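Heads up: the structure comes next, in structure tokens.
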Amino acid sequence: MRLMSRREIEEFYRRLAETRPIPQTELEFINPFTLLIAVVLSAQATDVGVNKATPALFALADTPEKMLVLGEDRLIELIRTIGLFRTKAKKIIALSRILVEQHNGQVPRDRAALEALPGVGRKTANVVLNVAFGEPTIAVDTHIFRVGNRTGLAPGKTPLEVELALEKRTPPRYKTHAHHWLILHGRYVCKARKPDCPICVVADLCHYQAKTGPAELVAARASTSEPEPLAEPAPEAVQRRRRAPAPRTSSPRISSRRGRASRLP
Ligand code: SF4
């Protein structure tokens, strides 16, 4: 795999930024705590599936204190449509207790403190630091791992290797939004099975050896039961799926997003 050059990386991000000037997570949340819970719930689950369950949950428990009052049994009932719901419920109750007892009920803006919470690993911590607090972290999920390796942007054998390569090779001014640009590109265009190379805005910069040809793309779409978009969803289409932000909370970066749809990490 040939690495992208600095010039190619700059142009790669410039085009992704042009496509989605203000990319956002697709997970629904209200404040840093509900973001944390949504990300924990999204492990091995889709954002769409998580978003179906969380409005009812967050209406009852949008703080760690309320989550403890809600209790594990009621929590299980509310999230039972999400995979691994029993394990996740245990972890959510445990992390809520730690937030109350050790962090004054607040989500800490600190990687070590976040990773010390049950159910929170490096990826979840990176998402929370980035989305809730505006830190320039890049959480590597399956989509970003694929895009980083395929394109030559940031190859690596493990998510951590890709994350460190992205950290090193992403121009500083693109770092805050890099996570969402890459994840959305991987989710909607550079898809796992058959990437939409003929309509990809960064195709000429990408070093993937097995790019999809136009005929292959048509055939792939014909074989799927659900029609796929002919191009990346326009930014306004993504925005329509979100509700207008509500007034700021105590967090410097979080506005109320209850009821809106989103995706990220
Ligand atoms: S050209 Fe194809 S493989 Fe390369 S980034 Fe675009 S969709 Fe992915």
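Just so you know, all these numbers are worked out from the coordinates, no wet-lab data involved. Predicted model only: the values in this text are computed from it and were never measured. Here Cβ is always computed from backbone atoms with ideal geometry, including for glycine, and neighbour counts include all displayed protein chains.
The simple spin-label model puts a point 7 Å past each Cα toward its Cβ; for LYS157 and ALA192 those points are separated by 2.2 nm. In the range 51-198, inverting the average of 1/r over every pair of distinct C-alpha atoms gives 16.9 Å as the Kirkwood radius.
Sequentially through the range 43-50, phi angles give Karplus couplings (6.51, -1.76, 1.60; θ = phi - 60°) of 4, 6, 8, 8, 4, 4, x, 5 Hz, Gly and Pro residues having no value and appearing as x.
Projecting the Cα atoms of TYR174, VAL189, ALA89 onto the charge dipole of the range 62-210 (Cβ charges, centred on the Cα centre) puts VAL189 farthest toward the positive pole. Residues whose amide H comes within less than 5 Å of that of GLU26, counting only those at least five positions distant or on another chain, are ARG263, LEU264 (H built at 1.01 Å from N in the peptide plane).
Modelled spin-label separation between GLU65 and VAL201, with each label point placed 7 Å from Cα along the Cα-to-Cβ direction: 4.4 nm. Legend: ranking of residues TYR208, TYR13 from fewest to most surrounding C-beta atoms inside 10 Å; resulting order TYR208, TYR13. Each of VAL127, PHE145, ALA112 was placed along the dipole of the range 108-151 (beta-carbon charges, centred on the mean Cα), and the one lying farthest toward the positive end is PHE145. Distance between the 7 Å Cα→Cβ label points at ARG111 and LEU84: 2.2 nm. Remark: the range 32-133 carries a charge dipole of roughly 260 debye about the Cα centre, counting +1 on each Lys and Arg Cβ and -1 on each Asp and Glu Cβ. Straight-distance candidates among the lysines for linking to LYS91, with alpha-carbon spacing under 23 Å and chain neighbours fewer than 8 residues away dropped: LYS52, LYS66, LYS123. So for the range 61-140, what percent of the C-alpha to C-alpha distances run longer than 21 Å? Roughly 31 percent, once rounded to a whole number. Using a cut-off of under 12 Å, list every residue of the range 178-195 whose amide N is near the label point 7 Å from the Cα of ARG221 along the Cα-to-beta-carbon line. Within reach of a label on ARG221, which here means backbone N under 12 Å from a point 7 Å along Cα→Cβ, the range 178-195 contributes nothing. By definition, a body whose alpha carbon gyration tensor gives a ≥ b ≥ c is oblate when a/c is 1.5 or more and a/b is not larger than b/c, and the range 54-95 fits this oblate description.
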